[in-house]
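Working notes for the structure below.
The values are calculated or read from the model by the stated rules, or taken from the named source; none is laboratory data. Treat the numbers as computed from the prediction; the structure is a model and nothing was measured. Note that each Cβ is placed from the backbone with ideal geometry, even for glycine, and that neighbours are counted across all protein chains shown.
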Amino acid sequence: MRLLTRLSVSHALPVLLVAGAMALLLGALVKMSLVLTTLKDVEFGTLRDEGALHRAMWGVDMTMRRSYDPCARGGVDGMVRARLETRMGELEQAMVAAAPGNRMMTLAQSYLALGRDVTGGPTCERLLDRAYRVRRETLDEKVTNLWVERLQVLHEAASAKEEEVRKVGVSAAWGGLTLTLASLLVAWRVARRMARSLDRPLVALSESARRVGGGDLATPIAVDGPVEIRELADELERMRHSSPSSTP
């Protein structure tokens, strides 16, 4: 086997091990990216839709709160009603745009029903009525509790994804380190074996050349090893045979 072929074959395994380590790390990066993408698209996407409804409901709630003082001072129903209807229109648009299964939808419908009840008659009178105020405060409490709950769920989901990414990273790091160390060990053993397989033939060839140079043309030259070294030995053997001193 020629020296180039030996070197190629002997170094193929370490290269494959290193390539395996790189493939393992690349696969881990892809998996971590998919995990984070899932968190972004699913959890944060859901929270974004719920946040839009939450802002719209909060707009209706704040409009009612800010209308208490003007109504108490004898404010004009038309102005208060117009502001509240504007906020209700924004809430309706948010409800239409919300994804199916939005957990805020039921509360949004309750806020819209409250707004319609308030604007369906003497607006200021109904806003100042204790029954309507209790309804608003109850909805406000429910929305706040649900929003806190959703943030907690998001935090737990993010923590779970973070742990999953950590495990993937640790597994990939250990796997890559193991394969890298294995490739180094294999490379060292291959290099050592290759050095031995070349050292002995080269030493034998050197000794034969030294004998020929010293005038010893009677000892045959026989060297094992790669094709290139054997070809040099054969050439030296031909030179020994062709030397006039070697002729009987």
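Taking into account only those residues within the range 115-136 that are of a type outside the set (Lys, Arg) and more than 20 Å from residue 76 (Cβ to Cβ), which is surrounded by the fewest Cβ atoms within 10 Å (Cβ to Cβ)?
Going through the qualifying residues, I end up with 131.
When both residues are 6+ apart or on different chains and their Cβ atoms are under 6 Å apart, which pairs have a first residue that lies in the range 111-133 and is more than 14 Å from residue 60 (Cα to Cα) and among the aliphatic types (A, V, I, L, M), and a second that is part of a helix (DSSP H, G or I) and modelled with pLDDT under 90?
128/71
From the list 25, 13, 36, 4, which residue is within 28 Å of residue 185 (Cβ to Cβ), modelled with pLDDT under 65 and surrounded by 13 or more Cβ atoms within 10 Å (Cβ to Cβ)?
Only one candidate qualifies: 13.
If you scan the range 134-144, which residues turn out to be farther than 18 Å from residue 66 by Cβ and in contact (Cβ under 8 Å) with a residue 12 or more places away in the chain?
142
Being of a type in the set (A, V, I, L, M) and not in a helix (DSSP H, G or I) is the filter here, so list the residues in the range 101-141 that pass it.
Across the range 101-141, the qualifying residue is only 104.
Hey, can you tell me all the residues within the range 137-187 that are modelled with pLDDT of 75 or more, hydroxyl-bearing (Ser, Thr, Tyr) and surrounded by 12 or more Cβ atoms within 10 Å (Cβ to Cβ)?
Passing the criteria: 138, 144, 171, 178.
Residue by residue through the range 84-110, note down the ones that are of a type in the set (Ser, Thr, Tyr) and touching a residue at least 40 places away in the same chain (Cβ under 8 Å).
none
Which residues, counting only those in the range 134-146, are under 14 Å from residue 63 (Cβ atoms) and of a type in the set (D, E, K, R)?
136, 140 - these are the residues of the range 134-146 that are under 14 Å from residue 63 (Cβ atoms) and of a type in the set (D, E, K, R).
Where residues in the range 146-171 are among the acidic types (Asp, Glu) and within 14 Å of the chain's Cα centre (by Cα), which of them is nearest to residue 54 (Cα to Cα)?
Here the residue is 162.
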